[in-house]
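Scroll down for the structure; my scribbles are underneath it.
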Amino acid sequence: MNVYNAASDVANLGSGHKLADIPAHDPFVVADGATQTYYLYTGGSPRLNGMDRYGVLAYKSQDLLNWEGPYVVFTIPDGIWANPQHGAWAPEVHTYNGRYYLFVTLHNNDRKLEGEGHGGYRLHWRGTVIAVSDSPEGPFELVKQEAPIVPAHLMTLDGSLHIDEEGSPWMVYCHEWVQTADGTVAAIRLKADLTDSDSEPIHLFSGSEAPWDNGNHPQDEAKSMYVTDGCQVYRTSGNRLIMLWSTYEKGSYVQTIARSTTGKLEGPWEQLEPLVFDDSGHGMLFQTFQGDWMMILHSPFRMPESRCKLYEMTDTGNSFIVKSARTDLDSGQIENAIE
């Protein structure tokens, strides 16, 4: 089985890995107060990690500089709607009612959806599942096996947990531009135990609402195409509801941000100036054990070159802005791939 480098090898756990060593896409960090440990989650694959199927990896650190792993915390089981050989995207882990819940996007390229896809892509089953564990290190077990959480006729991805003002759980997710041309961010209410959805989806905003031309306008397409990726919802110290999300500018990935004008998930949402350009995106926010806000994202977009990048953030009360790039934590000589 293929292994990209020593920091990618699930059969040989290592310590002292730097972020520059770890190929990572759609990174997500949990700062676990009980153990004073940072957990970094990313997808695992047969192509890079010596696995026999796709799944989710975790690395752990006490200082955000030196990382131990990779630990396999979830693999796609046989007998569910998704194909274990078709990918696992955008894993994130949330604490909820004393347990740890993994949200991860799975696929079945062989289960076709009706209609024609945009951009030369075919429509097939894609959606976020939820799995649960008593530990941030897993193993995580699916709460629903027969279909994704969002209705399966919708081609969706990047589901994230949001708890509203009344304490009700929601999944905020992206509806694929491949199906809609103009990708959207949407939300669906979840059952209190997170085992399934509990409402019809609601529309939050469209990718074309970005304050710059983020579309792909092919001459032979009837419609322009707008990507929405990586939606993450947070509250500022001023009780403003904001959302990180990603899209493109001139073919390069962009980390941007939106804000609800009402403070409610339903919006309406206003688009703010992007946070990071340079083929960077799918970011999320977390607080260090010292109380500082940080953003982690991946750059560049392409794997296996993609690496985690860290930014110290400022909570202005109205939004979050970049304070500084933490190159002291994420830079370094990239470890060569194993030949």
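Annotations
- Considering segment 250-270, and only residues there that are in contact with a strand residue (DSSP E or B) (Cβ under 9 Å, 6 or more places away or on another chain) and surrounded by fewer than 17 Cβ atoms within 10 Å (Cβ to Cβ), the residue that is nearest to L310 (Cα to Cα) turns out to be G251.
- On the stretch given as segment 178-205, residues that are under 18 Å from K250 (Cα atoms) and small (G, A, S) total 2.
- Where strands (runs of 3 or more DSSP E) sit wholly within segment 19-93, those with at least 1 residues that are touching a His at 6+ places or on another chain (Cβ under 9 Å), under 25 Å from A152 (Cα atoms) and of a type outside the set (F, W, Y) occupy 37-44.
- Looking only at residues of segment 31-87 that are basic (K, R) and over 17 Å from A20 (Cα atoms), we find that the one that is modelled with the highest pLDDT is R53.
- Residues of segment 188-237 classified as in a loop (DSSP other than H, G, I, E, B), of a type in the set (A, V, I, L, M), closer than 24 Å to I321 by Cβ and at pLDDT 95 or above, total: 1
- Single unsatisfied condition, V132 versus (1) part of a strand (DSSP E or B); (2) of a type in the set (V, I, T); (3) buried (at least 23 other Cβ atoms within 10 Å of the Cβ): (3)
- Entry remark, segment 10-37: residues being without any contact (Cβ under 8 Å) to a residue 60 or more places away in the chain and buried (at least 18 other Cβ atoms within 10 Å of the Cβ) number 1 in total.
- Reported count of residues in segment 238-272, each being at pLDDT 95 or above and not in a strand (DSSP E or B), is 12.
- Candidates H107, H124: the one that is in contact with a strand residue (DSSP E or B) (Cβ under 9 Å, 6 or more places away or on another chain), crowded, with 22+ Cβ neighbours inside 10 Å and either more than 30 Å from Q36 (Cα to Cα) or modelled with pLDDT under 95 (or both) is H107.
- Residue list for segment 139-156, restricted to those being in a loop (DSSP other than H, G, I, E, B) and buried (at least 22 other Cβ atoms within 10 Å of the Cβ): F140, P148, I149, V150, M155
- When residues in segment 154-209 are screened for being within 25 Å of N239 (Cα to Cα) and hydroxyl-bearing (S, T, Y), 5 of them pass.
- None of A187, A222, A181 is surrounded by fewer than 14 Cβ atoms within 10 Å (Cβ to Cβ) and of a type in the set (A, V, I, L, M) except A222.
- A residue that is on the phi > 0 side of the Ramachandran plot and surrounded by fewer than 15 Cβ atoms within 10 Å (Cβ to Cβ) occurs somewhere in segment 291-298.
The values are calculated or read from the model by the stated rules, or taken from the named source; none is laboratory data. The structure displayed is predicted, hence computed values, not measured ones. In this analysis, Cβ positions are derived from the backbone assuming ideal geometry, glycine residues included, and neighbour counts consider all displayed protein chains.
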